[in-house]
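Right, one structure below, let's go through it.
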Ligand SMILES: Cc1ncc(COP(=O)(O)O)c(C=O)c1O
């Protein structure tokens with residue numbers, strides 16, 4: 001039995017994921033957190049910080065900065081300076097901050113769809129225009145998506161200031177190759193765009209040997225002067241409730257602008273988040289590798305189920321994340337999300353991601369929970 005097989009009852013713990021369906025027989029398979037215990041090394045760090053007894057306003061201590069720069073060097077081959085890191089209380093506020101550093105009201109930002117929903121809402125509060133460009137299917141092999149550079153060229157305008165990349169991609173599960181990331185960088189340079197690369201899922205690789213992560217921090221040349229990479233330990237170590245993320249910004253001027261764009265809407269990072277993040281990057285690697293293997297098993301279970309019992313449902317070949325993007329258009333359902341919910345399955349609606357006719361299934365759960373979900377899925381069909 002794997003440590004990830006343990007069922008932990010999350011009902012009545014104030015879990016966003018589980019509270020939505022409190023008192024109903026619906027399996028919550030939506031928001032991106034996992035039903036697994038946080039690795040011990042991270043819990044220990046939080047406990048030991050608590051034992052100090054004071055939880056005042058905090059700044060990033062040297063230990064967390066070094067844990068991250070060591071990780072960037074060891075895992076990604078990037079020599080980052082600890083001073084390049086700017087901590088934020090989560091990725092979503094960091095994205096708004098990033099938008100504010102380039103251009104002004106009325107300028108545009110570009111996002112490829114389907115997209116993690118906040119990408120599609122950022123422009124409102126920042127008074128920007130949103131340009132969306134659909135990802136396209138790759139021509140060969142199993143279903144996989146890539147960036148549609150022709151469509152991006154056609155859609156970009158003189159007022160476009162920011163391009164948002166999500167790599168690995170939520171929800172389509174792609175890990176973009178070095179060539180793809182380099183092409184994105186060229187596109188940004190050619191059109192004078194800030195590149196904001198959300199790499200929050202970069203440790204949730206399902207095929208690290210054949211589909212390794214290539215961070216935008218590795219692209220050589222001028223792009224480094226217009227690059228903000230966003231990362232966090234939150235998805236990998238299942239600590240999103242600690243609201244801690246960081247931006248890696250190699251260029252000093254851009255970094256100053258990013259820090260200055262933090263307005264009164266954005267709070268400080270909490271001390272537990274800093275200490276959990278430090279421990280995650282220093283000590284969680286063996287746990288992470290076991291997690292990847294377990295998630296790969298879940299992905300394969302889901303893929304076999306679909307191939308055998310629901311061949312009309314299309315799932316891209318997933319190289320990363322625990323979030324499966326299911327194309328259910330062939331089922332001709334008026335409201336796929338409502339249909340599956342009626343059958344006890346709480347998915348994320350594709351419409352939130354700019355992908356009607358789809359649902360997103362979170363398989364970051366014990367295999368027995370996934371098996372129960374698949375039984376319900378078969379009935380729903
Ligand atoms: C691509 C992506 N970015 C950011 C986030 C959320 O980050 P945070 O909770 O730090 O705001 C998620 C969560 O699902 C995500 O999938």
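Annotation: the antiparallel percentage among DSSP beta bridges lying fully within the range 194-339 is about 55.
Where is the GNM fluctuation largest for the chain (alpha-carbon springs, 10 angstrom cutoff): 185, 232, 158? Evaluated over the chain, the most mobile residue of the options is 158.
Annotation: the residues 196, 86, sorted from fewest to most other C-beta atoms within 10 Å of their own C-beta, follow the order 86, 196.
Put in order of Cβ neighbour count within 10 Å, fewest first, the listed residues 301, 124 become 124, 301. As a footprinting exposure proxy, order 317, 213, 61 by other Cβ within 10 Å, with the fewest listed first. In increasing order of surrounding Cβ atoms, one gets 61, 317, 213. Using a simple spin-label model with pseudo-atoms 7 Å out from Cα toward Cβ, residue 43 and residue 59 lie 3.3 nm apart.
Placing a label point 7 Å from the Cα of residue 31 along the Cα-to-Cβ direction, the residues of the range 316-330 whose backbone N falls under 19 Å of that point are 322-324. Using C-alpha pairs under 8 Å with a sequence gap of at least 6, the mean separation divided by the residue count of the chain gives a relative contact order of 24 percent.
Between residue 129 and residue 333, the FRET efficiency from the beta-carbon distance, with R0 = 35 Å, is close to 0.60. Taking the DSSP bridge list for the chain and keeping only pairs wholly inside it, about 45 percent are antiparallel. Shape of the chain from its Cα gyration tensor (a ≥ b ≥ c, root eigenvalues): rounded if a/c is under 1.5, otherwise prolate when a/b > b/c, or oblate? Since a/c reaches 1.5 but b/c is at least a/b, the shape of the chain is classed as oblate. Spacing of the modelled spin labels on residue 51 and residue 155, each 7 Å from Cα toward Cβ, amounts to 5.2 nm. Note on residue 75/residue 2: beta-carbon distance plugged into 1/(1 + (r/R0)^6) with R0 of 30 Å gives a FRET efficiency of 0.80. Based on Cα contacts under 8 Å between residues 6+ apart, the range 17-97 shows a relative contact order of 15 percent.
Bear in mind these aren't lab numbers, they're just calculated from the coordinates by the rules spelled out. As the structure is a computational prediction, the values presented were derived from the model and not from experiment. Don't worry about glycine lacking a Cβ; one is built from the backbone with ideal geometry, like all the others, and counts go over all protein chains shown.
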